[in-house]
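The values are calculated or read from the model by the stated rules, or taken from the named source; none is laboratory data. Just so we're clear, the structure is a prediction, and the values are computed from it rather than from any experiment. All Cβ positions, glycine included, derive from the backbone under ideal geometry; neighbour counts span all protein chains shown. Heavy atoms of the whole protein, side chains included, go into the accessibility calculation; ligands, DNA and RNA do not. Shrake-Rupley method; radii C 1.70, N 1.55, O 1.52, S 1.80 Å.
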Amino acid sequence: MEMKQSVLRELVSGADSAEIKQGQNNVALAEQAVHTAQAELARASEDYADALTLHEQDALSAKALSDARYRKDTADEAVTAAYTRLDNSRQSLTLISQGAGQEKIAQAQAEITLTASQIRQCE
């Protein structure tokens, strides 16, 4: 029964400051990853544009143009993935900050009530 009461106390008290700080750090890291991915995409896009111009002037092989296009596409996918990780980090921080839902708290309280009732019946 003490264990169930301890769980209830944790649910009611919500997240501690260390959990919140960790969540904030995860968001900051994800934001930095977005900025880095955007910078890499900008560079890869410029490189592809330059490669395309050179290819049109027959100064660059089709293979080199294909490689530049691949790097641009990969960088674009990295930006999408970075934004997804940022969104996940923000959602996790929100969930941590909100703490346990009322449904979980009510369930824990019901389990304590049931356990107390069972103990009384055994006595």
Among (1) open to solvent by less than 80 Å² (accessible area, probe 1.4 Å); (2) modelled with pLDDT of 95 or more; (3) not in a helix (DSSP H, G or I), the one test that ASP58 misses: (1)
Qualifying residue in region 14-31 (condition: at pLDDT 95 or above, part of a helix (DSSP H, G or I), of a type in the set (Ser, Thr, Tyr) and on the phi < 0 side of the Ramachandran plot): no
Failed criterion for GLN102 (all others in (1) open to solvent by less than 100 Å² (accessible area, probe 1.4 Å); (2) modelled with pLDDT under 65; (3) not small (Gly, Ala, Ser) hold): (1)
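Among the residues of region 36-51, is any at pLDDT 95 or above, farther than 29 Å from GLN91 by Cβ and among the aliphatic types (A, V, I, L, M)?
To start, the set of residues in region 36-51 that are at pLDDT 95 or above comprises 36-51.
From what is left, the residues that are farther than 29 Å from GLN91 by Cβ are 43, 45-51.
Checking the rest, the ones that are also among the aliphatic types (A, V, I, L, M) come to 49, 51.
Within region 36-51 (the criterion being at pLDDT 95 or above, farther than 29 Å from GLN91 by Cβ and among the aliphatic types (A, V, I, L, M)), the answer is yes, since at least one residue qualifies.
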